[in-house]
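**Q** So that we are looking at the same thing, I have put the structure below in structure tokens.
Just so it is clear, none of the values below were taken in a lab; they were calculated from the coordinates. Fair warning: this is a prediction, and the values are worked out from it, not measured in the lab.
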Amino acid sequence: EEQWTLENNELATIEIMQHNNDKDTLQQQQQQQQINQLATIIQQLKIVITQTIPQIKSRIIHATSPILCEISRGYFVPFLTVALACFGRIHTLCLSMGREVVMVLQEMIPQLRVLCGDNRKKRGSG
């Protein structure tokens, strides 16, 4: 009857291989976690650009009409002109924020697609 024994260097090789496999698994888990975080951020940015900014713009436009009506009557003109200036500034900031979000999304979505594609290829070949 034959018996198989492992020498010390063979045991060390097996341990190194197991350690490398554990390392690869940990790296894959970390990469998947980063992909999930990136996807979550992109979804939040999409909500900001498609829902939040248009809602703010709509509210500014809705509030501007009564202010212009009161200015035409001549009531509280200094206060109302400052309020209109504030609305104008908020509107400008929303538009610039929207532009910045679009630029970030244009940059990040292709990177996310590359990461997801690489991840799928690794899982398919592994």
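**Q** Given 0.36 nm per residue, what is the gain on full extension from residue 82 to residue 33 after removing their alpha carbon distance, in nm?
**A** Contour length minus the Cα-Cα distance gives 12.9 nm.
**Q** Another question, if that's okay. Given 0.36 nm per residue, what is the gain on full extension from residue 112 to residue 61 after removing their alpha carbon distance, in nm?
**A** Numbers: separation 51, 0.36 × 51 = 18.36 nm, distance 3.61 nm.
Gain on extension, residue 112 to residue 61, equals 14.8 nm.
**Q** Report ³J(HN,Hα) in whole Hz for each residue of the stretch 75-84, in order, from the Karplus equation J = 6.51 cos²θ - 1.76 cosθ + 1.60 where θ = phi - 60°; Gly and Pro get x.
**A** 8, 6, 4, x, 5, 5, 5, 5, 4, 5
**Q** I've got another one for you. How large is ³J(HN,Hα) for each residue in the stretch 88-98, as worked out from phi by the Karplus curve 6.51 cos²θ - 1.76 cosθ + 1.60 (θ = phi - 60°), to whole Hz, x for Gly and Pro?
**A** With the stated coefficients, the stretch 88-98 comes to x, 5, 4, 4, 4, 5, 5, 5, 5, 5, x Hz.
**Q** I'd like the Karplus ³J(HN,Hα) series for the stretch 29-44: coefficients 6.51, -1.76, 1.60, θ = phi - 60°, whole numbers in Hz, and an x wherever there's a Gly or Pro.
**A** Listing the rounded values in order: 5, 5, 5, 5, 5, 5, 4, 5, 5, 4, 4, 5, 4, 5, 4, 5 Hz.
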